[in-house]
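A quick write-up on the structure given underneath.
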Amino acid sequence: MINFQIRPDKLAEEMADYSRKLGHGIENLIDAGEIDTGVTARTAVYKEDKLVLYRYDRPEGVEASNEAPLLIVYALVNRPYMTDIQEDRSTIRGLMDAGQDVYLIDWGYPDSSDYALTMDDYINGYIDRCVDHICEAHGLDSINVLGICQGGTFSLCYTSMHQDKVRNLVTMVTPVDFKTPDNLLSAWVQHIDIDLLVDTIGNIPGELLNWTFLSLKPFSLTGQKYVNMVDVLDDPKKVKNFLRMEKWIFDSPDQAGETFRQFIKDFYQKNALMAGEVEIGENVIDLANITCPVLNIYAQQDHLVPPDASTPLGGLVGSDDYKELAFPGGHIGIYVSGRAQKEVTPAIGEWLSKR
């Protein structure tokens, strides 16, 4: 039989220890200083409107072993420095260590002047011009593309329309089937009047979307983590890393109204990507047009993009070189966990270099 009785002396000891950690932790929080956003040196090589295309700097004299550069296309939601959050937890550095020459699109912060931007503007406009810039800089006709979350969906659409410019495609935690039974976010959005929402407020505030995501797991994402935080407060390095993550979580750009309208209505409410009915500009997206090698990476405990939302991709693309990689973690852990640094980025590098 388990004795649940708490001894007074033990309770007093735990409370004293908690108070000590909290008091010491407040000092570490005050001394944390400025929280950086991205830790790897990079150079802006192309700019257009709010967009900046970065190339990550390799150590002097160290060339990439893969001749084809890799362009990372991140989601419009949140900021791409999640891929480079700290020195020992950086997807960017892992890819560079694996021999890749890495570029990344930073979408910036849309404002009211960007309300009318459409998915066509983002995909056939911004992404295509970034790809052209990289191809011209390297004297190549095609490059490798890594799309993350919504950026992965954008990358699938882009490759379907511009297969000649994509040598290999990697998708990470990328939704394809937007109506799986375990997709709580999709269930929430099915009956929202998106036209009324966008017509009323224009651009969608980043804070609104951020609190929506946090509400998917309200206890663990808004309460439990701050209780657990006390256990790391006596370590200045861990405090800094915790604050980096907090900064990223609440660093949420607004969403261009017209792009948000189409993405939610066509992808979530109509599930049109699965049906081959998404229209981007003058093109209808047919994933069977994707004939290049595809590596699809998903997280087994992902609450935003459940595995069943990602794995249907294999049955839709036209490639005869399709591979899946399942990561035993969540939507964020696939970038920042120690296991991801050992397994995911080396696997991407090896897969790309073989092709």
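Beta carbons closer than 8 Å, at least 6 apart along the sequence or on distinct chains, pair a first residue in the stretch 330-347 that is among the basic types (Lys, Arg) with a second that is surrounded by fewer than 17 Cβ atoms within 10 Å (Cβ to Cβ) and at pLDDT 85 or above for ARG339/PRO328. On the stretch given as the stretch 300-337, residues that are in a helix (DSSP H, G or I) and over 17 Å from the mean Cα position of the chain (by Cα) total 6. Per the conditions (1) assigned to a helix (DSSP H, G or I); (2) within 16 Å of CYS149 (Cβ to Cβ), the sole criterion not satisfied by LEU295 is (1). Residues in the stretch 263-294 that are over 20 Å from the mean Cα position of the chain (by Cα) and within 30 Å of TRP211 (Cβ to Cβ): LYS265, ASP266, GLN269, LYS270, ASN271, ALA272, MET274, VAL278, ILE280. On the given criteria, is TYR103 surrounded by fewer than 24 Cβ atoms within 10 Å (Cβ to Cβ), under 18 Å from the mean Cα position of the chain (by Cα), closer than 27 Å to ALA41 by Cβ and of a type in the set (Ser, Thr, Tyr)? So TYR103 does not fit the description; no. Taking ILE192 as the residue in question, decide whether it is part of a loop (DSSP other than H, G, I, E, B) and not basic (Lys, Arg). Taking the combined requirement at face value, the residue satisfies it. Look at VAL284 and say whether it is out of contact with any Gly (no Cβ under 6 Å at 6 or more places or on another chain), of a type in the set (Val, Ile, Thr) and buried (at least 17 other Cβ atoms within 10 Å of the Cβ). So VAL284 fails the test. Candidates ILE105, ILE92, ILE134, ILE127: the one that is touching a strand residue (DSSP E or B) at 6+ places or on another chain (Cβ under 8 Å), at pLDDT below 95 and closer than 23 Å to THR159 by Cα is ILE92. Of all the listed residues (SER220, SER215), the sole one being exposed (fewer than 14 other Cβ atoms within 10 Å of the Cβ), within 23 Å of LEU304 (Cα to Cα) and modelled with pLDDT of 70 or more is SER215.
Take the conditions (1) surrounded by fewer than 20 Cβ atoms within 10 Å (Cβ to Cβ); (2) touching a Ser or Thr at 6+ places or on another chain (Cβ under 7 Å); (3) within 22 Å of VAL166 (Cβ to Cβ); ASP308 misses just one of them, which is (3). From VAL145, VAL176, which residue is assigned to a loop (DSSP other than H, G, I, E, B) and either within 22 Å of LEU287 (Cα to Cα) or aromatic (Phe, Trp, Tyr) (or both)? Only one candidate qualifies: VAL176.
Among the residues examined, THR118 qualifies as over 19 Å from GLY318 (Cα atoms), under 21 Å from the mean Cα position of the chain (by Cα) and of a type in the set (S, T, N, Q).
The rows are residues; the columns are (1) within 30 Å of ALA326 (Cβ to Cβ); (2) not hydroxyl-bearing (Ser, Thr, Tyr).
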| position | (1), (2) |
| --- | --- |
| ASP106 | yes, yes |
| TYR109 | no, no |
| GLY125 | no, yes |
| VAL131 | yes, yes |
| GLY139 | no, yes |
| SER142 | yes, no |
| THR153 | yes, no |
| SER160 | yes, no |
| THR171 | yes, no |
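The values are calculated or read from the model by the stated rules, or taken from the named source; none is laboratory data. Keep in mind that this is a model prediction, so the values were computed, not measured. Quick reminder, even Gly has a Cβ in these numbers, built from the backbone with ideal geometry, and neighbours come from all protein chains shown.
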